[in-house]
Amino acid sequence: MTGLERLMNRLEILYKKRTPRSFRLFRRAQNVMIQGGSHSLRLLAPYPFFVRRASGPEVVDIDGNVYVDYWQGHYANILGHNPVIPDDPPAGEEPDDPSLHTGFEGEDQVKLAEILIRQAGWKGHKVRFTTSGTLAAMYAVMLACGRTGREEVLKIGGGWHGASPLLLKGIAYDRSLGFTKVESAGVPSAFSKKIHTVRYNDSEGLIRFLRRRGEKIACFILEPYLGAGGFIPADREYLQTAREWTSRLGIVLVFDEIISGFRFAPTGVGRLAGVEPDLATFGKAIGGGHAVAAVMGKTDILECLLPRAGRRTAVRFSGGTYSAHPQYMRAGLRMIRHLARHGPEIYPRIAAMGERLRRGIEDAFAAEGIDARCAGRGNDVIPGSSLFMPHFLRVRHEIREAGDVLDPRRADVRMKEEILRLALLTRSVHVVHGGGAVSAAHREADIDRTIEAYRDVARLLNPAVLG
Ligand SMILES: Cc1ncc(COP(=O)(O)O)c(C=O)c1O
């Protein structure tokens, strides 16, 4: 048994000692739920802890353990768990309590669409709501295909847009296929043949691909800040190149802002970069803790969902039963109003805590002779960032695209995905992919505690100690 295996065993024993009730509940859950839970990222090994309460920066599990949490509802909770947002509607607009689902159109959805478009900063754009980022991205691709009459999709290697059959390719790095592997059984091969991938932040590669195949491509979909692929910002120049070449070739440019929208500023990264996409998807933060996502974009493209005489079949973007649920719209409206009003205080503060964490984590590992690079920083487009994700590179190189951090030959992916998560849990800190998102509810003392926890874990992982 290696030193690392011994350490993992010790950590598992410690975790199990702290979480006996979660263990028993997991056994029950396994009888009735496949894998014992509802989302693969929550189902950590050996079993997940079950959460009883969540407030601000913390969650409390059913055994009474308190964790400082940086997962924060899949990064949706930018104000922390269950924030109390003062409801200060404009004068004369005191609203009724929003109802459960009605299946009718309501006023708050109009207000939320208005403020989203205003904050996104693009004129002549419109919105349609749906209930998940996955659906929003899927509908965006359908709109692009409907609009252009083309069937091929270009995405980024390592880009994640939810598990829609139109986008399930080239997400995790495969040793032999790189970022061209089909990610799921059940996706018709005819679909997956139509999805192509290019490298993030590689303008020349993008131009080469588009010169060769651009006329067949309906849309180029990318995260202007790569999320699950490593927390990597796009260069301004890359976004500009994407805009220029997609316009030239009649390709719909889609910015997936599900993570990046309202994360760094009360707007999207497209706006920060001054690059206007044809369509953008928003989700996570815009729902104020509820299932809200939106496709926003140029009116003439969204109009492809209107049935019109003499045109191709309309794009069936119906949004879903719970689209624009009254309570979700109210929660989203409160959240976006709050972020728009208080952004100048909130964003610099959480970005400063993010930077302190990133430095603290890098220093913690450096002190033990381990080279960790904490991604998540902004760039000349994004002034500051509350995201952090340590990477353990096998050879020092600049982090520019997902392959730099997800190719196991270039980075120790297990360290980030498994070891850090379990080790930090035993120190009362919860992270996913080795890091996460600072929220406005985190306090400087949480950051201190978290850096201390990473230091502790780095000491355990010191090669001299591990043997
Ligand atoms: C960039 C991006 N797009 C789309 C999605 C899918 O969103 P959802 O999980 O709400 O379906 C995610 C989810 O993490 C995401 O990060």
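Every number in this text was worked out from the coordinates using simple rules, so none of it is lab data. Quick caveat: nothing in here was measured; it's all calculated off a predicted structure. For neighbour counting, all protein chains shown are included, and Cβ atoms are generated from backbone atoms with ideal geometry for every residue, glycine included.
Overview of values
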| quantity | calculated |
| --- | --- |
| Sites matching trypsin sites (Lys or Arg not before Pro) across region 120-166 that sit in DSSP coil, with at most 10 neighbouring C-beta atoms within 10 Å | Lys123 |
| Whole-Å distance, taken between Cα centres, linking region 390-453 and region 177-244 | 25 |
| Per-residue Cβ neighbour rank within 10 angstrom, fewest leading, Asp407, Asp61, Asp97 | Asp97, Asp407, Asp61 |
| Neighbour-count order for Val32, Val252, Val405, fewest beta carbons within 10 angstrom listed first | Val32, Val252, Val405 |
| Assigned charges on the beta-carbon of Lys, Arg, Asp, Glu; the chain dipole about Cα centre (debye) | 1320 |
| Span-like helix ranges in the chain, DSSP H, alpha carbon extent 18 angstrom or more, Kyte mean at least 0.0 | 133-148 |
| Relative contact order computed over region 130-253 (Cα-Cα under 8 Å; 6+ residues apart), in percent | 29 |
